[in-house]
Amino acid sequence: MKILTAVQVREADAFTIANEPIPSVDLMERAAGKCFNWLVQHYGKNRNYKIFCGTGNNGGDGLVIARLLAEKNIPAETFIVRFSDKSSEDFITNHQRLLKIKKIKITDIATTADIPVIAGKDIVVDAILGSGLSKPLTGGIAADVVEAINKSTAEIVAVDIPSGLFGEDNSDNNGKIIQARQTLTFQFPKLSFLFAGNEKYAGNWHVLPIGLHPDFIEKTTVNNYFVEEADCRAIIKPRSRFSHKGMFGHALLVCGSYGKMGAAVLAAHACIKSGAGLVTSYIPKAGYKIMQCSLPEIMCSIDEDKHVISGNIDLDTYNAVGVGPGIGTDDKTQKAMKLLIQNCISPLVFDADAINILAENKTWLSFVPKKSIFTPHPKEFERLAGKSNNEYQRQALQTAFSKKYGVYVALKGAYSCISTPAGDCYFNSTGNPGMATAGSGDVLTGIITGLLAQKYTPFDACILGVYVHGLAGDLSAKRNGYEATTAGEIIKMLGKAFKKLY
């Protein structure tokens, strides 16, 4: 799914109005009708709704919702926040329609004295400002209303976007922002919803399709995308009845050190469970018995050092190489990794301490094979690419890093972000807080390396690997809960995750 900017969404509205064709007020009716249906389905007809409307099109959406509630005899109070003397045409039309319904109460809010008491059992619908905001909401009656709503204990539902929040960059946003429990956004998610710093504003967000014209969506160029199940179904490769293990590649995982062999075991297990035909783990001598006893399916290539990776690794027989889980940052390991980078001509998968080693030796980045894949968590990425003040700035830094070195970066977290050498970003839709657990990243390294071995392109391996990793985590959380979701449990669910995509 494309993620359009706020400006592009307004252009999509205008294109739809002109080419469907449909009057703008009817498009508003359609969008607000989707919100009305969602509200009734989730909260029912026996709650009291307080709808706060601005005087623009977002307020017009709120007025339509109020009218539709009233027509179904659902208690609804409407409050118009008079922060401006100007009103949009569609707001005026829907205001006139609402005035004809005598059983609904409409109150203007011009001063703080007009702000109503909000009860904890109320459902507050925020339709004050929408995506047309041009500057932070730092003062005036709109800011006062936002503050009053946030101080209440009511359930807050934002229409399209929480009032006060920008759709993209909130770096300099020091204004008042609605703290919604739920956000009902139209057609596309807003980029700002995908950043951790905005979670307290957007809450749980839901995309409501409103029938914006498909021709505009198809032709509009964007740099940000949201990965969904259908995208991954289009990627996954079917297997022939006459398949054999040689057709699915030989993966090498350079992993483990004394005391950290668990990371190596998890990565290797995930790799073989992701479909690689053969998997070899290059490990120090101390890890040999651990790997052989833990995973009889995995072959071992043994380093001459007992405790760490130190040798020059023969790469001739492998289709894909992943490096990093549990290797540590010993000087001998650093030298071994330098040789690995110099000798490997195919894309590598870098994780964990492999990324930390590169962060200490940034001149080596220029020699990393093009289209290699980095899978850092935020702190590892900071060491690699530098600090940023917020997630929006970090995304820009991530995109610049991918373009500069011609690599993919799968930055792990909620909505893991995959940046490409072309400068595009793909946000993942699967995963949950239970995956914030030791070894989860090692599992992702194994999955992506296993997919590369099967001749998935680096791009497809990133998109599919991150999605399946999150989906397996979701299946584990459904069975075990967040607290008991471990890296091993994620691996157990990989088969069901892949099966769901067939």
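What number of residues within the range 338-392 are over 20 Å from the mean Cα position of the chain (by Cα) and assigned to a strand (DSSP E or B)?
Qualifying residue count for the region: 3.
What is the residue count in the range 224-255 for residues that are assigned to a loop (DSSP other than H, G, I, E, B) and hydroxyl-bearing (S, T, Y)?
2
Out of the range 151-172, which residues are polar (S, T, N, Q) and either buried (at least 21 other Cβ atoms within 10 Å of the Cβ) or outside the structural domain of I51 (by TED's automatic domain parsing) (or both)?
S163, N170
If I ask for residues that are hydrophobic (A, V, I, L, M, F, W, C), touching a strand residue (DSSP E or B) at 6+ places or on another chain (Cβ under 9 Å) and in contact (Cβ under 8 Å) with a residue 24 or more places away in the chain, which ones from the range 293-318 would you list?
L295, I298, I309, I313, L315 - these are the residues of the range 293-318 that are hydrophobic (A, V, I, L, M, F, W, C), touching a strand residue (DSSP E or B) at 6+ places or on another chain (Cβ under 9 Å) and in contact (Cβ under 8 Å) with a residue 24 or more places away in the chain.
Within the range 129-152, identify whether any single residue is without any contact (Cβ under 8 Å) to a residue 60 or more places away in the chain and assigned to a strand (DSSP E or B), and answer yes or no.
no
Pick from the range 208-227 the residues that are without any contact (Cβ under 8 Å) to a residue 60 or more places away in the chain and not hydroxyl-bearing (S, T, Y): which of them is nearest to L129 (Cα to Cα)?
P214
Could you please let me know if T437 is of a type outside the set (K, R), closer than 26 Å to G197 by Cα, modelled with pLDDT of 95 or more and in a loop (DSSP other than H, G, I, E, B)?
yes
What number of residues within the range 434-477 are charged (D, E, K, R) and closer than 18 Å to P347 by Cβ?
Qualifying residue count for the region: 2.
List the residue pairs whose Cβ atoms are under 9 Å apart, where the first residue sits in the range 271-292 and is farther than 19 Å from L444 by Cα, the second is β-branched (V, I, T) and surrounded by fewer than 20 Cβ atoms within 10 Å (Cβ to Cβ), and the two are 6 or more positions apart or on different chains.
Within 9 Å, the pairs are P284/I302; K285/I302; G287/I302; Y288/I302.
Among (1) over 30 Å from D114 (Cβ atoms); (2) over 27 Å from the mean Cα position of the chain (by Cα), there is one condition I51 misses while meeting the rest; what is its number?
Failing condition for I51: (1).
With the structure loaded, tell me whether A32 is in contact with an Asp or Glu (Cβ under 6 Å, 6 or more places away or on another chain) and either closer than 24 Å to Q179 by Cβ or touching a residue at least 40 places away in the same chain (Cβ under 8 Å) (or both) or whether it fails that test.
yes
Specify which of the listed residues (A143, A154) is touching a Leu at 6+ places or on another chain (Cβ under 6 Å) and either within 30 Å of D26 (Cβ to Cβ) or among the hydrophobic types (A, V, I, L, M, F, W, C) (or both).
A143
Is there a residue in the range 256-274 that is at pLDDT 95 or above, assigned by TED's automatic domain parsing to the domain that holds N432 and in a strand (DSSP E or B)?
no
Can you confirm whether A422 is of a type outside the set (S, T, Y) and either surrounded by 15 or more Cβ atoms within 10 Å (Cβ to Cβ) or in a helix (DSSP H, G or I) (or both)?
So A422 fails the test.
Taking the conditions exactly as written (touching a helix residue (DSSP H, G or I) at 6+ places or on another chain (Cβ under 6 Å), within 17 Å of H377 (Cβ to Cβ) and without any contact (Cβ under 8 Å) to a residue 60 or more places away in the chain), does S440 satisfy them or not?
So S440 passes the test.
I need a count of the residues in the range 451-502 that are in contact with a Leu (Cβ under 9 Å, 6 or more places away or on another chain) and not in a helix (DSSP H, G or I).
Adding up the residues that qualify gives 2.
Pull out all pairs, ordered by first then second residue, where Cβ-Cβ is under 6 Å, the residues are six or more apart or on different chains, the first lies in the range 187-198 and is within 20 Å of I210 (Cβ to Cβ) and touching a residue at least 12 places away in the same chain (Cβ under 8 Å), and the second is surrounded by 23 or more Cβ atoms within 10 Å (Cβ to Cβ) and among the charged types (D, E, K, R).
Close Cβ pairs satisfying both conditions: none exist.
For D353, state whether it is out of contact with any helix residue (DSSP H, G or I) (no Cβ under 9 Å at 6 or more places or on another chain) and acidic (D, E).
no
Those residues that are surrounded by 15 or more Cβ atoms within 10 Å (Cβ to Cβ) and touching a helix residue (DSSP H, G or I) at 6+ places or on another chain (Cβ under 7 Å), I need them from the range 102-125; list them, please.
Of everything in the range 102-125, those that are surrounded by 15 or more Cβ atoms within 10 Å (Cβ to Cβ) and touching a helix residue (DSSP H, G or I) at 6+ places or on another chain (Cβ under 7 Å) turn out to be I104, I106, I109, I115, I118, I123, V124, V125.
If you go through the range 393-408 one residue at a time, how many are crowded, with 20+ Cβ neighbours inside 10 Å and either over 23 Å from F367 (Cα atoms) or under 14 Å from the mean Cα position of the chain (by Cα) (or both)?
The total comes to 2.
Going by the structure shown, is G311 closer than 30 Å to Y415 by Cβ and part of a loop (DSSP other than H, G, I, E, B)?
no
This table checks each residue for (1) assigned to a helix (DSSP H, G or I); (2) of a type in the set (G, A, S); (3) at pLDDT below 95; (4) surrounded by 19 or more Cβ atoms within 10 Å (Cβ to Cβ).
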| residue | (1), (2), (3), (4) |
| --- | --- |
| F36 | yes, no, no, yes |
| H42 | yes, no, no, no |
| G59 | yes, yes, no, yes |
| A66 | yes, yes, no, yes |
| K86 | no, no, no, no |
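If the requirement is being surrounded by 15 or more Cβ atoms within 10 Å (Cβ to Cβ), of a type in the set (S, T, N, Q) and more than 23 Å from the chain's Cα centre (by Cα), which of these qualifies: S192, S240, S257, S274?
After applying the criteria, what remains is S257.
The values are calculated or read from the model by the stated rules, or taken from the named source; none is laboratory data. Treat the numbers as computed from the prediction; the structure is a model and nothing was measured. All Cβ positions, glycine included, derive from the backbone under ideal geometry; neighbour counts span all protein chains shown.
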